Structures are given as C-alpha cells and as structure tokens.
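Student: Attaching a single structure in structure tokens format; questions to follow.
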Amino acid sequence: MALISYVSLTFIPLLIGLILLYGTYKQVPTYESFVEGGKEGIKIAVSIIPFLVGMMVAISVFRASGALDAVTNLLRPLMNAIGVPPEIVPLLFIRPISGTAALGMTSDLIANYGPDSFIGRLASVLQGSTDTTFYVLTVYFGAVGIKKMGDALKVGLLADLVGIIISIIVVAVLFGTN
C-alpha cells in the first residue's frame with residue numbers, strides 16, 4: 001500500500017518534469033507554450049459556460065416537471081417483465097445527460113438499497129459502462145463549433161444502449177437478480 005501511495009504521489013511531477021526536459025531538449029519554449037496553453041484553456045472554459053447552463057436548466061426542468069417520474073411509471077411493467085428493477089429507470093435516462101446528476105442518483109440508490117444489492121451493483125456498473133452523450137455533444141462539440149452532430153448522437157446513444165444491456169446481463173449473471 002505504501003508503494004502505491006508513493007507511486008501516485010510521484011508520477012505526475014515526474015511526468016511533468018519529463019515533458020519539460022523533452023521540450024527543452026527539442027528547443028521548444030516550454031514556459032511560453034505553457035502560458036499560451038493556459039490562455040487557450042481559459043478561453044475554452046468561458047465559451048463552454050452557456051452550454052453548461054443550458055444543460056443544467058434542461059435537467060432541472062426534466063426532473064421538476066415530473067416527466068422523469070412519468071416515464072419511470074410508464075416503463076415499470078416492462079422493466080418488471082424483463083427482470084430489471086424500475087428504480088434504475090431514472091438513472092438510465094439521466095446518465096446520457098449529466099454525469100453529476102447520474103452520480104447523485106447512483107449514490108441515492110446505493111444508500112437506499114445497499115452496495116451489495118442488485119440495484120446497487122447494477123447502478124454502479126451502469127455508471128461506469130455508459131457515457132454522458134448529450135453532455136459531450138453539447139459542451140465539447142459546441143465549444144469547437146461543430147453544428148452537425150446527428151451521426152455522433154446516434155452512435156453515442158447506441159453505445160449507451162449497448163452499455164446498458166451488457167451491464168444488466170453481466171450483473172445478472174455474476175450476482176443474480178436479487
């Protein structure tokens with residue numbers, strides 16, 4: 001355990017040092033490049049703010065309007081028929097939109113049902129097996145000015161669906177349904 005702690009504390013400074021040494025060896029103005037990268041990073045961060053605000057408002061409206069609860073209730077019979085707890089449905093809808101909101105839902109599911117329950121395990125695996133597709137598209141594509149993102153949306157949502165299906169199968173096979 002002490003070795004892992006030591007490696008984790010020294011890896012990043014060593015990596016930065018190696019990059020600086022390599023840049024100096026290649027006669028790259030490392031400090032000026034660092035400052036220029038910082039300026040560019042701040043510009044990107046400022047340009048992302050409107051997209052972040054839009055996502056936060058959309059998530060808040062979706063949850064506060066009761067639409068999420070209505071969809072969950074609508075899908076409850078189907079989820080029960082295929083052996084998936086309906087409590088997972090809100091996570092399935094929020095995960096492609098917001099990682100932070102999905103993490104909060106996962107934490108709530110684990111707190112309510114326990115980390116070793118089927119719901120807790122499934123929520124944990126879903127958290128790691130799917131991505132924040134809409135977040136990535138709106139924030140990152142928006143920041144670089146990509147307007148046509150239809151194919152990326154389709155592929156991202158398909159990847160999320162595959163991640164959801166495989167997560168359910170893997171957790172059911174490894175841990176049973178309840």
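Student: Kindly rank 138-150, 112-124, 9-21 from highest to lowest mean number of other beta carbons found within 10 Å of each residue.
Tutor: Answer by packing, highest mean first, reads 112-124, 138-150, 9-21.
Student: Specify which residue in the list Leu157, Pro77, Ser98 is farthest towards the positive end of the charge dipole of the range 74-178, using unit charges on the beta carbon of Lys, Arg (+1) and Asp, Glu (-1), about the Cα centre.
Tutor: Sorting the options by dipole projection puts first Leu157.
Student: Between rounded, prolate and oblate, where does the range 72-127 land on the alpha carbon gyration tensor, with a ≥ b ≥ c its root eigenvalues, rounded for a/c under 1.5, else prolate if a/b exceeds b/c?
Tutor: oblate
Student: What does the C-alpha gyration tensor say about the overall shape of the range 1-46? Classify as rounded when a/c is under 1.5, otherwise prolate if a/b is larger than b/c, or oblate.
Tutor: Judged from the Cα gyration tensor, the range 1-46 comes out oblate (a/c at least 1.5, b/c at or above a/b).
Student: In addition: Using only the alpha-carbon atoms, how far is helix 67-82 inclined from the longest principal axis of the chain? Give it as 0 to 90 degrees, nearest 10.
Tutor: Taking the Cα atoms of the chain, the angle to 67-82 is about 70 degrees.
Student: Which of rounded, prolate or oblate describes the range 7-73 when judged by the alpha-carbon gyration tensor and an a/c cut-off of 1.5?
Tutor: Since a/c reaches 1.5 but b/c is at least a/b, the shape of the range 7-73 is classed as oblate.
A short reminder: the numbers here are calculations on the coordinates, not readings from a lab. These figures come from a predicted structure and were not determined experimentally. A quick note on method: Cβ atoms are made from the backbone with ideal geometry, for glycine too, and the neighbour counts reach across all protein chains shown.
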